[in-house]
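The values are calculated or read from the model by the stated rules, or taken from the named source; none is laboratory data. These numbers come from a predicted model, not from an experiment. We place every Cβ from the backbone using ideal geometry, glycine too, and count neighbours over all the protein chains shown. Note: accessible area is taken over every heavy atom of the protein model, side chains too, but ligands, DNA and RNA are not part of it. Shrake-Rupley method; radii C 1.70, N 1.55, O 1.52, S 1.80 Å.
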Amino acid sequence: MPSDISAIAESRCRHVLVWLVPLLWTLGLGLWGLSRQDSVWRDEAATWQVAGRSAGEIWAMLEHVDAVHGLYYLLMHGLFEVFGASTATLRLPSVLAVSATAACVALIGRRLAGFWAGLGGGLALGLLPAVQFYLQEGRPYALVAAGAGLSTLLLVSLLERGPGRRAWPRWAAYGTTVLVCALLNWLSLLVLPAHAATLGWVRAGRRVWLRWAAYGSGAVAGALPLVLFSRGQSDQVSWIPPLAWHMLIGPGILLAIGGLGAWADRSHRADRSARADRKALSVAAVGLPLLAVPQLGLIGLSLVQPLFQDRYVLFSMVGLALLIGAALGAAVRACAPRLPRAAGLLVPGAAGLSVLVLLPVELDKRAPASRIDDVLAVAGEVAGLKRDGDAVLFVPAARRDAALVSPGAFGGLADVALAASPAASATLKGEEADPARIRAALLDQRRVLLVTDSEEVAKPPSAERDKAKEAVLREHFAVVADRQVRGRRVTVYERRG
């Protein structure tokens, strides 16, 4: 009797540790260097400046731009209202979301392949380079990954328990989770064909297929208005280049790694059974489709319209982490009969070694140089160079984000090109005057600060307004100071004569 109680207590302890350790591990990775040396880049600046608006102003903006991120902006608005605007408030939701995702990976792995597979997968997720980048990113992709992890965990639990009368709450939670993810980024609906591939792999019964189709269709129907409306704003992604062969190298490597994990999982299952039971729910049946289908789906969509950006399918890393965990679990089981003590150290040792091997990557992702620019750094340069009564110009107009995130640094400067503020115009960058008015306003100035991109990332101006700005400065002003910092540039011009 005491031995039975001890075994039950140990089982419960392992059940808690298998998800708690990865959660705390990933949380620690996320909190490490969270401020990135007080830097914020242009994508995060969009979140920051929109979250600082009122709910009504955000709703008005979504009618013209960025509707695909509407739910996320409203969420961040609420957090900024409660906790204030800071890099911590901006990025903590992503840290918490990836930590929750790691816990989901661990629970799925434990259900399908045992304690060590779950623990290994949960620890591996936060170390994946792509995940480390978005672990500390003030954008919605980590939240989508958390939703994908939760919906997959719910599906696995439903497949394990089988169809029953009490299954509907879980199916409702599954459909709701998929819907919320779609409202955060509708490309997350690619999780549905991934789950369909899992159902086909395990030869799920007719009742399971019908319920999955019903709740999945409900999620699609709920997100369809957003999908259709946001398609009218597709010019926002016009900067994404067409699909090229070199873009497929990364997905190819990921699929190869995932294939090795699936092979390790299937090999172990074959060793334990004389027959190959394809109906059995396994890590390979769940992880490989979750890794492969979103990647291949995004590639297919990109053949119609260029959309290929790895962050849109960040949630596929859940599948990769599951497969890595399965490979680690198989290694532990192979080692246990001969070296039982060493087997228990295999997963923690692999995690520790991975931290050391990936240390250059980890340090790079937490440095300001890991992003294309830094709006806070350029705002600091402006604050040091400006004089009261100076004018300020932004080329292109989107570089106004520095003033929107750090208005204090631009205090006293006249934004002479601006006709309507971003909030008033319900846009991200505001509305500027026509070229003739900009020219006339500049000719009335004695000193102008130009905020633009640094030389290594700058592109020739395409808008007529920007061409007019540069022409007036070139013809009537002289450069008296020039600073380049973290992807941005501030040039001070004084009127000749």
Pairs of Cα atoms under 8 Å, at least six residues apart: use those to get the relative contact order of the chain, whole percent.
-> 17
Relative to the longest principal axis of the C-alpha atoms of the chain, give the angle of the C-alpha long axis of helix 283-304, reported between 0 and 90° and rounded to the nearest 10°.
-> 30
Go ahead and run the numbers for FRET between Val480 and Ala458, Cβ-Cβ distance against an R0 of 25 Å, rounding to 0.05.
-> 0.80
Dipole magnitude of region 119-252, debye to nearest 20 (Cβ charges: Lys/Arg +1, Asp/Glu -1, about Cα centre) | 740
Hey, which lysines would be in cross-link range of Lys459, C-alpha to C-alpha under 22 Å, not counting anything within fewer than 8 residues on its own chain?
-> Lys429, Lys467, Lys469
Principal axis dimensions, largest first and in whole angstrom, of the chain by Cα | 94, 46, 45
For the chain, the accessible surface attributable to carbon and sulfur atoms (probe 1.4 angstrom, ligands and nucleic acids excluded) amounts in percent to 62
Using just the helices of the chain, give the 222 nm mean residue ellipticity in deg cm²/dmol: DSSP H runs with n ≥ 4 each add -39,500 (n - 2.57), and the total is spread over all residues, rounded to 500.
-> -20500 deg cm²/dmol
Which shape class applies to region 310-361: rounded if a/c is under 1.5, otherwise prolate when a/b exceeds b/c and oblate if not, where a ≥ b ≥ c are the square roots of the Cα gyration tensor eigenvalues?
-> oblate
Using the heavy atoms of the protein chains alone and a 1.4 angstrom probe, what is the accessible area of the chain per residue in square angstrom?
-> 45
In degrees, nearest 10, range 0 to 90: what is the angle between the Cα axis of helix 464-476 and the longest Cα principal axis of the chain?
-> 50
How many nm is it between the label spots at Glu431 and Ala88, if each spot is 7 Å from the Cα in line with the beta carbon?
-> 4.0
Per-residue HN-Hα couplings for region 149-155, Karplus 6.51 cos²θ - 1.76 cosθ + 1.60 at θ = phi - 60°, whole Hz, x for Gly and Pro?
-> x, 5, 5, 5, 4, 5, 5
Using 7 Å Cα-to-Cβ label points, what is the Asp43/Arg338 separation (nm, one decimal)?
-> 4.5
Between Leu301 and Ala424, the FRET efficiency computed from the C-beta separation at R0 = 35 Å comes out, to the nearest 0.05, as 0.50
Excluding residues fewer than 8 positions from Lys365 in its own chain, the lysines with Cα under 24 Å of it are none
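Please go through region 294-368 and write out the trypsin sites (Lys or Arg not before Pro) that DSSP classes as loop and that have at most 15 other C-beta atoms within 10 Å.
Working: sites: Arg311, Arg333, Arg338, Arg341, Lys365, Arg366; in loops: Arg338, Arg366.
Sparse-neighbourhood loop trypsin sites (Lys or Arg not before Pro): Arg338.
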In nanometres, the difference between 0.36 nm per residue of separation and the alpha-carbon distance of Gln236 and Ile249 is 2.1 nm
Once you treat every alpha carbon in region 338-417 as an equal point and sum by Debye, what is log10 I(q)/I(0) at q = 0.19, 0.27 Å⁻¹?
-> -0.85, -1.23
For helix 70-83, report the angle its Cα long axis makes with the longest principal axis of the Cα atoms of the chain; keep it between 0 and 90° and round to the nearest 10°.
-> 80
